[in-house]
Amino acid sequence: MTRSKLSREYFGTLPNGDSVEAITLINANGMRVRIISYGAVLQSVYVPDAQGRFADVTTGFDTLDAYLAHLHYFGSTVGRIANRISGGRFTLEDKEYQVPANDAGNSLHGGDVGFDKVNWTVIACDEVALSVTLSHISPDGDQGYPGNLSVTATYQLHADNALSVRYQATKDAPTVVNLSNHAYWNLGGEGGAHDAMDHLLTIHAAHYLPVDATLIPTGERRPVADTAFDFRIAKPIAKHIGDVADAQLRHGNGYDHNWVIDEVVTQQPRPLAVLEDPISGRTMTLLSKQPGLQFYSGNFFDGSIAGKSGKRYQMGDAIALEPQMFPDAPNQHDFPSVGLNPGERYENSIIWQFGTTTGD
């Protein structure tokens, strides 16, 4: 056992002169995570395998310049609206808003300068709780969104090798909010010899949202039974991913879809998915209160980007599992609402519970 520890250090300087901080949390088991203030990014997560050997299981970069140069959202906090908005347009209280159409004519993850591309302020570090809280204020009109929005992100490393982040937001005028974390996972280690396609994935959902060719949901809730989207029983991610006969897999060049966990935000976090690496024995159970889970299988990694270990990320080297509201919810009124009014508080709590197949 080691002594739990919190440390805070300089990570880099932005072009405008602002300093970016890095906060490292280490629990008594030796699990170690690092968060940087730029994008409220989860930069590294070191967890043990079944033999007690530690590896970093999330993708990312060692330098601030690399985060500024690349747009894959590694570990980022994404918002105001995570995922896509059709045409970058939506109507709220009879007024139409236009936000940046930065992805095939649609808006993705908040636009050109979403929450992943701003330097959050570290407002609290708690060495006893092993937590750090960051804040950001998004002014009225930011990326075209209405209302002043105040957001906090609290990361906490727990004694049982769980890592959590709690997003909260309040505002002064009606707006739309959907925050999530865009960490990519490879439980074998981000710089290892194996990709994530042989990981076993379980998703606790009987329906998913099919999409059009630009990855906007059609509005249908389609049963997963007898499809490549049925992960109710654990199976290798690669099992169906190359099925070119499936139009949905062709649209995303793999999985880039939302699974319907529920139709409402629940009072307490509940399990959404389980990821297991049969080689290392590492497991990750994902919990949240959110009704949707976006599963993205790293389809567009093409070897052009090198990560922390120096390895160039290829298709399938890591996957993203993002608890959130449904994509394009501002335009699809049959989906759970992403509206937020003055006096209301938005929350998305995400828990990543790490373990091993031996139960250690």
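The values are calculated or read from the model by the stated rules, or taken from the named source; none is laboratory data. Model, not experiment: these values are computed from the prediction. So basically every Cβ, Gly included, is an ideal-geometry build from the backbone, and we count neighbours across all protein chains shown. Please note that ligands, DNA and RNA were not included when accessible areas were found on the heavy atoms of the full protein model with its side chains. Shrake-Rupley method; radii C 1.70, N 1.55, O 1.52, S 1.80 Å.
Some points to look at:
- Rounded to the nearest 0.05, the FRET efficiency derived from the C-beta distance between Asp212 and Lys5 at R0 = 56 Å is 0.70.
- Pairs over the 22 Å Cα-Cα cut-off, from the set Lys117/Lys311; Lys117/Lys308; Lys95/Lys171: Lys117/Lys311.
- The range 103-216 - percent of accessible surface contributed by carbon and sulfur, probe 1.4 Å: 52
- Spin-label pair Thr357/Ala193, simplified geometry with 7 Å Cα→Cβ offset, distance in nm: 1.8
- Rounded percent of accessible protein surface that carbon and sulfur make up, the range 286-360, 1.4 Å probe: 47
- Between Gln51 and Ala66, the modelled label-to-label distance comes to 2.6 nm, taking each label 7 Å out from Cα in the direction of the beta carbon.
- Å² of accessible area per residue within the range 295-360, as computed with a 1.4 Å probe and no ligands counted: 39
- Positive minus negative residues near Ile350 (Lys, Arg vs Asp, Glu; Cβ under 10 Å): +1
- A cut-off under 12 angstrom between Cβ atoms defines the neighbours of Thr77, and their net charge, with Lys, Arg +1 and Asp, Glu -1, is +1.
- The residues of the range 1-151 have, on average, 41 Å² of accessible surface per residue, using a 1.4 Å probe with all protein chains present.
- For the chain, built as a Gaussian network whose Cα springs stay under 10 Å, the top-fluctuating residue of His240, His204, His109: His240
- The C-alpha atoms of the range 249-306 occupy a region whose extents along the principal axes are 42, 32, 20 Å, arranged from largest to smallest.
- Spin-label model distance (nm) - Asp334 vs Ala225, 7 Å beyond Cα toward Cβ: 1.9
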